[in-house]
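The values are calculated or read from the model by the stated rules, or taken from the named source; none is laboratory data. In this text the structure is predicted, and so the values were computed from the model without any measurement. As a convention, Cβ positions derive from the backbone with ideal geometry for all residues, glycine included, and neighbour counts pool all protein chains shown.
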Ligand SMILES: [Zn+2]
């Protein structure tokens, strides 16, 4: 049986490239591509399209290489990239609901939003306690950089994305804790969050 390789949405690629070029300049992007394989470079040199899907392992290699060159291996450098993606992508999609300042709306859409970004894995809402402003989500997905969203997505991608989304609804004191993680030998990922 052939194992299916997961895909990541073009939105992530387009805004990652956009962030890198706006922040560091075109040469940094080209330099990054030169540090990838010839095949990866070819894919990423094409005109990236928001509505297209690209290989998730390709995204992992792009992010990991960026972090290796510009960061120190803890993925902290991807935080502003994820913020850039969330801000640019959520605004047109959820403008009305962001205006209503409704954090629960964004969180209730976490399963749909995961599907918007990745075509493998499933985000599930375990607890949706709007009254106490507490949610628990979990992600069912394999831990394999060569098949699905990678460690960077777990380490700071998901939590930064959720935090940025909630900040856009003007929620305060947002705390996002990624407790169990598939990349720490847990069966799946658990994300606990609260806000005021
Ligand atoms: Zn995880």
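Things worth noting here:
- Checked against (1) in contact (Cβ under 8 Å) with a residue 60 or more places away in the chain; (2) in the same structural domain as residue 121 (by TED's automatic domain parsing), residue 59 passes all but condition (2).
- Residue 131 farther than 23 Å from residue 181 by Cα, out of contact with any helix residue (DSSP H, G or I) (no Cβ under 8 Å at 6 or more places or on another chain) and either surrounded by fewer than 18 Cβ atoms within 10 Å (Cβ to Cβ) or touching a residue at least 24 places away in the same chain (Cβ under 8 Å) (or both): yes
- Condition met for residue 31 (surrounded by fewer than 18 Cβ atoms within 10 Å (Cβ to Cβ), assigned by TED's automatic domain parsing to the domain that holds residue 170 and away from the ligand (no atom under 16 Å from the Cβ)): no
- Residue selected from the stretch 144-161 under the condition closer than 12 Å to residue 120 by Cβ and either surrounded by fewer than 21 Cβ atoms within 10 Å (Cβ to Cβ) or assigned by TED's automatic domain parsing to the domain that holds residue 63 (or both), by the criterion farthest from the ligand (Cβ to nearest atom): 147
- Every test in (1) touching a helix residue (DSSP H, G or I) at 6+ places or on another chain (Cβ under 6 Å); (2) within 16 Å of the ligand (Cβ to nearest atom) is passed by residue 165 save one, and that test is (2).
- Selection over the stretch 184-196 of residues that are within 16 Å of the ligand (Cβ to nearest atom) and either part of a loop (DSSP other than H, G, I, E, B) or out of contact with any strand residue (DSSP E or B) (no Cβ under 8 Å at 6 or more places or on another chain) (or both) gives a count of 5.
- Looking across the stretch 84-103, the residues that are modelled with pLDDT of 90 or more and surrounded by fewer than 18 Cβ atoms within 10 Å (Cβ to Cβ) come down to 87, 88.
- Residues in the stretch 38-54 that are surrounded by 11 or more Cβ atoms within 10 Å (Cβ to Cβ) and outside any helix (DSSP H, G or I): 48, 49, 50, 52, 53, 54.
- Scanning the stretch 154-180 for residues that are without any contact (Cβ under 8 Å) to a residue 60 or more places away in the chain and part of a helix (DSSP H, G or I) yields 154, 158, 159, 162, 163, 167.
- Residue within the stretch 91-107 that is more than 21 Å from residue 78 (Cβ to Cβ), part of a strand (DSSP E or B), in contact (Cβ under 8 Å) with a residue 60 or more places away in the chain and more than 12 Å from the ligand (Cβ to nearest atom) present: no
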